[in-house]
Amino acid sequence: MLLFCFGETAMEVDRLMTKRTKICNDRNDKTVRGRQKMDKDKLDLEKLLAEGKNVCVPPVGYSMYPVIVPDRDKVVIAPVKDTGMLKRGDVVLYRREGSILVLHRIWKVKKDGFYMVGDGQSEVEGPVSGEQVRGMVTVLIRKGREVPTEELRYRLATGLWLYCRPFRPVILRFVRKIKRCLKKIKSRIF
């Protein structure tokens, strides 16, 4: 997410954002879901961030899997005032050139811009200019528990996952096989 950002190759968040976004002021509200018409709930994510508001949104798609999982996690996106403060490992919301909003992690920071990668991907995208960046994830909400992105455990885990970028497809395939085996064993036992 999300999220901008998430998706097998980065789902269209603009379309889904209007249906699934809530301002974080009331975290007890259920996230808006479904395909019904919800004109009163439509929010312009970029506008809210430009106004200096934090926004809480659920991720869409799996490009940020396994760190950010759809239908389980939410993220709080804060506006970015100075893109010069962004560093490797930060998750940012940016708009692709003439396209959709995407939420990915910074792989590298260079003079020509930011190079981005989703946690569920191994291909690096970039350069992304500072003008394209709209916000930055400051909190991951997992099963109701808030995890600040500056927390040491979060930084270590995501840093290790970022380092493993070339091996992610192999690792994720292996994990899927283990999950399938465990599921078969569980179904035989119960």
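Hey, among Val175, Val76, which residue is touching a Ser or Thr at 6+ places or on another chain (Cβ under 8 Å) and either in a helix (DSSP H, G or I) or surrounded by 11 or more Cβ atoms within 10 Å (Cβ to Cβ) (or both)?
On inspection, the qualifying residue turns out to be Val76.
Return the total of residues in the stretch 131-168 being in a loop (DSSP other than H, G, I, E, B), farther than 22 Å from Thr83 by Cα and within 16 Å of the chain's Cα centre (by Cα).
Within the stretch 131-168, residues that are in a loop (DSSP other than H, G, I, E, B), farther than 22 Å from Thr83 by Cα and within 16 Å of the chain's Cα centre (by Cα) number 1.
Across the stretch 80-96, which residue is surrounded by the fewest Cβ atoms within 10 Å (Cβ to Cβ) among those that are among the charged types (D, E, K, R) and within 22 Å of Glu51 (Cα to Cα)?
Once the filter is applied, the top-ranked residue is Asp82.
For the structure I just gave you, tell me whether Arg105 is surrounded by fewer than 14 Cβ atoms within 10 Å (Cβ to Cβ), closer than 19 Å to Ala157 by Cα and under 16 Å from the mean Cα position of the chain (by Cα).
When the stated conditions are applied, Arg105 does not pass them.
In the stretch 114-130, how many are crowded, with 18+ Cβ neighbours inside 10 Å and closer than 15 Å to Asp82 by Cβ?
Summing the residues that are crowded, with 18+ Cβ neighbours inside 10 Å and closer than 15 Å to Asp82 by Cβ in the stretch 114-130 gives 1.
Restricting attention to the stretch 27-34, does a residue exist that is modelled with pLDDT of 85 or more and either surrounded by 20 or more Cβ atoms within 10 Å (Cβ to Cβ) or within 27 Å of Ala157 (Cβ to Cβ) (or both)?
no
In the stretch 118-151, which residues are closer than 17 Å to Glu97 by Cβ and aliphatic (A, V, I, L, M)?
Val124, Val128, Val133
Can we say Lys40 is surrounded by fewer than 18 Cβ atoms within 10 Å (Cβ to Cβ) and either at pLDDT 50 or above or touching a helix residue (DSSP H, G or I) at 6+ places or on another chain (Cβ under 9 Å) (or both)?
No: the conditions fail for Lys40.
Can you give me the number of residues within the stretch 79-113 that are at positive phi and assigned to a loop (DSSP other than H, G, I, E, B)?
2
The values are calculated or read from the model by the stated rules, or taken from the named source; none is laboratory data. The structure displayed is predicted, hence computed values, not measured ones. Cβ coordinates were reconstructed from backbone atoms using ideal geometry, including for glycine residues, and neighbour counts include every protein chain displayed.
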